[in-house]
1. Any chance you could count how many residues in the stretch 1-55 are modelled with pLDDT of 90 or more and among the small types (G, A, S)?
2. Would you be able to tell me the number of residues in the stretch 16-27 that are open to solvent by less than 40 Å² (accessible area, probe 1.4 Å) and aliphatic (A, V, I, L, M)?
3. Can you say whether Y51 is part of a strand (DSSP E or B), within 9 Å of the chain's Cα centre (by Cα) and surrounded by 11 or more Cβ atoms within 10 Å (Cβ to Cβ), as far as the supplied structure shows?
4. In the stretch 44-62, what residues are of a type in the set (A, V, I, L, M) and over 22 Å from E14 (Cα atoms)?
5. Could you tell me whether M30 is touching a Pro at 6+ places or on another chain (Cβ under 8 Å), surrounded by 14 or more Cβ atoms within 10 Å (Cβ to Cβ), of a type in the set (A, V, I, L, M) and in a strand (DSSP E or B)?
6. Would you call G65 loosely packed, with under 11 Cβ neighbours inside 10 Å, touching a strand residue (DSSP E or B) at 6+ places or on another chain (Cβ under 6 Å) and without any contact (Cβ under 8 Å) to a residue 60 or more places away in the chain?
7. Could you tell me which of the residues K13, K3 is surrounded by fewer than 16 Cβ atoms within 10 Å (Cβ to Cβ) and in contact (Cβ under 8 Å) with a residue 40 or more places away in the chain?
8. Report the residue count in the stretch 34-48 for those that are surrounded by 10 or more Cβ atoms within 10 Å (Cβ to Cβ) and either assigned to a strand (DSSP E or B) or polar (S, T, N, Q) (or both).
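The values are calculated or read from the model by the stated rules, or taken from the named source; none is laboratory data. None of these values were measured; they are calculated from a predicted model. Using ideal geometry, Cβ is built from the backbone for each residue, glycine included, and neighbour counts are taken over all protein chains shown. The area values use the complete protein model at the heavy-atom level, side chains included, leaving out ligands, DNA and RNA. Shrake-Rupley method; radii C 1.70, N 1.55, O 1.52, S 1.80 Å.
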Amino acid sequence: MKKNQELIIEAKKEDASMFYLYNLNGQNTMTCPLLSKTNTVNLKINSVGVYIYKIVTSSGEAQTGKIAVF
């Protein structure tokens with residue numbers, strides 16, 4: 001992804017969730033609520049690199065992955 005690009009997140013079901021983005025030092029760089037089945041997150045990131053995301057549903061389920069920003 002490029003810096004300041006929008007990320008579209010599609011959920012399996014409409015459920016309140018939270019999106020967290022961490023740098024490789026473990027610092028939380030972004031927290032964003034996901035309130036619908038299709039969500040748009042504006043990645044206002046100033047630094048290029050690899051970031052770790054975590055999505056946590058209201059039931060406590062979590063999904064993680066990596067995002068490369070260039």
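1. Matching residues across the stretch 1-55 total 4.
2. So the count comes out to 1.
3. Taking the combined requirement at face value, the residue does not satisfy it.
4. I45, V48, V50, I52
5. Judged against the criteria, M30 is not a match.
6. Judged against the criteria, G65 is a match.
7. Exactly one residue qualifies, and that residue is K3.
8. 7
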